[in-house]
Amino acid sequence: MTRMRNRLGVTPEALAKRRFLTRTLGSTGALLLAGCDKLNQSPAFQKLLSTGEALSKSSAHHLVSGQMSMAQEFSPADLSPSFRGNGNTNPTGADYKAMAANGFADWKLVVDGLVEHPGAWSLDQLRAMPSRTQITRHDCVEGWSAIGQWTGVPLAQLLAAAQPKPEARYVVFHCADSFGSAPYYESIDMDDAFHPQTLLAYTLNGKTLPVTNGAPLRLRVERQLGYKHAKYVMRLELVDDFSRIGGGHGGYWEDQGYQWYAGI
Ligand SMILES: Nc1nc2c(c(=O)[nH]1)N[C@H]1C(S)=C(S)[C@@H](COP(=O)(O)O)O[C@H]1N2
Ligand SMILES: [Mo]
């Protein structure tokens, strides 16, 4: 049977999908989807449409912005005069203090959980990997923003080395600091993990990342709010479920009631 096409060459099924998305995502989504025909071919997307699964706020966001959208990048003229520190700015743990005193020469980033090749990477090894530099705006829920230049290894590069298993759904970032007895941690999904602007940053504004801002390594996940950008990262754990980690909500602030998906 030949498929009916209208004068724009769009099949009725494609139109129905477009209408479904317009209803679900609103006009912004529809506008963005105009350029997203690839999405129609993705198996996950097909499944979503065939099951009529309700779109949560976060999956709707990913459908619209998924791997297609980049956070805005700025020019050196836009840099904030200084990048303030917020939350914990000087971890007090003895292990961290000892590593900081030694310029983090003995620090290693552990990668484990649902990966084919668990391991530990030194700062020198991370610095030797392909890097990306970007000037972005950081937005904190407390009502301040700052524009900074970050250099780091794209998380995708490290994951290419560690090889997540097919069942891995989230990357959990375990940090060196805590609030009271609760360690700081965060998590992101694989879409954000492989996004080209998602970095493990070791440089801020052209200088070695200061302790205030997360030395020796902090996450940049540019399409989300400040609290997702884990500082003092010690370990990446690939998981299929984060309900048994920390308070079970995917991050220190999430355990206090913040949204897990903190899209800007
Ligand atoms: N490990 C850790 N990461 C953290 C925090 C923290 O207290 N500890 N605070 C978060 C919050 S709320 C913000 S706004 C940013 C602040 O980053 P900055 O100190 O570089 O400004 O780090 C985020 N990541
Ligand atoms: Mo924040």
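Points to keep in mind about this one:
- The value of relative contact order for the range 70-255, using C-alpha pairs under 8 Å at least six residues apart, is 26 percent.
- Ranked by how many other beta carbons lie within 10 Å on average, peptides 180-193, 213-226, 127-140 from highest: 213-226, 180-193, 127-140
- Magnitude of the charge dipole, the range 70-255, Cβ model with Lys/Arg +1 and Asp/Glu -1, debye to 20: 560 debye
- Rounded if a/c under 1.5, otherwise prolate or oblate - the range 131-185, Cα gyration tensor axes: oblate
- Checked against a 19 Å cut-off, the cross-linked pairs 108/231; 108/228; 165/231 give Cα-Cα distances beyond that limit for 108/228; 165/231.
- Between residue 234 and 174, 175, 176, the built amide H atoms are under 5 Å apart, and every one of these is 5 or more places off in sequence or on another chain.
- Extended-chain gain in nm, criterion 0.36 nm per residue less alpha-carbon gap, residue 140 and residue 106: 9.1 nm
- Gyration tensor verdict on the range 70-255 (Cα atoms; rounded if a/c is under 1.5, prolate if a/b is larger than b/c, oblate otherwise): rounded
- Taking other C-beta atoms within 10 Å as the exposure proxy, 147, 264 rank 264, 147 from fewest upward.
- Spin-label pair residue 98-residue 75: with each label point 7 Å from Cα along the Cα-Cβ axis, the two points sit 4.9 nm from one another.
- Residues within the reach of a label modelled at residue 244 (point 7 angstrom out along Cα to beta-carbon, backbone nitrogen below 15 Å), restricted to the range 111-140, are 113-115.
Each value in this text was obtained by applying a stated rule to the coordinates, not by laboratory testing. Since the model is a prediction, treat every value here as computed from it, not as a measurement. All Cβ positions, even for glycine, are placed from backbone atoms using ideal geometry, and neighbour counts span all protein chains on display.
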